[in-house]
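Single-structure report; data block below.
The values are calculated or read from the model by the stated rules, or taken from the named source; none is laboratory data. These numbers were taken from a predicted model, which means no experiment stands behind them. Cβ atoms come from the backbone with ideal geometry, glycine included; neighbour counts cover every protein chain shown.
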Amino acid sequence: MRIADASRTPLLFAWVALLLLLPRAVLALERTALVVGNGAYKDAPLKNPVNDAFDVAQTLKALGFQVILQRDVGQQELEKAIRQFKKSLQQRGVWVCSSTRAMASR
């Protein structure tokens, strides 16, 4: 090894260590998902959204997510779930700016 290469060894080691440890750190983070499946529409009920939401929720749970699952909910229940999801994110230091009332009025 040349002398010039020896000075790069600590930097190279640091990059390799970072690349090896970063995926573990990311996987260790608490992850939360909000899954909504609404199919109980008065005029045209749908079967698949509720089943699909359940399947997605199960898959996310298997991947280590904390899942908030809502099926066939009205506006009030959906807004409550969104607030719960937002609170979960904020407890981990994620800044969330949203307005469910603004979304509902559009």
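Scan region 56-91 for residues that are at positive phi and either surrounded by 13 or more Cβ atoms within 10 Å (Cβ to Cβ) or touching a Gly at 6+ places or on another chain (Cβ under 6 Å) (or both) and jot them down. Spell out how you get there, then give the answer.
Going through region 56-91, the residues at positive phi turn out to be 64, 72.
Scanning region 56-91 gives a single hit, D72.
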Hits in region 29-58 (condition: in a helix (DSSP H, G or I) and more than 25 Å from G93 (Cα to Cα)): N48, P49, V50, N51, D52, A53, F54, D55, V56, Q58
Scan of region 56-77 for residues that are more than 16 Å from the chain's Cα centre (by Cα) and closer than 21 Å to K87 by Cα, ordered by number: R71, V73, G74, Q75, Q76, E77
Out of A33, A53, sole residue that is under 22 Å from K87 (Cβ atoms), more than 14 Å from the chain's Cα centre (by Cα) and either surrounded by 14 or more Cβ atoms within 10 Å (Cβ to Cβ) or modelled with pLDDT of 65 or more (or both): A53
Qualifying residue in region 82-100 (condition: at pLDDT 85 or above and in a strand (DSSP E or B)): no
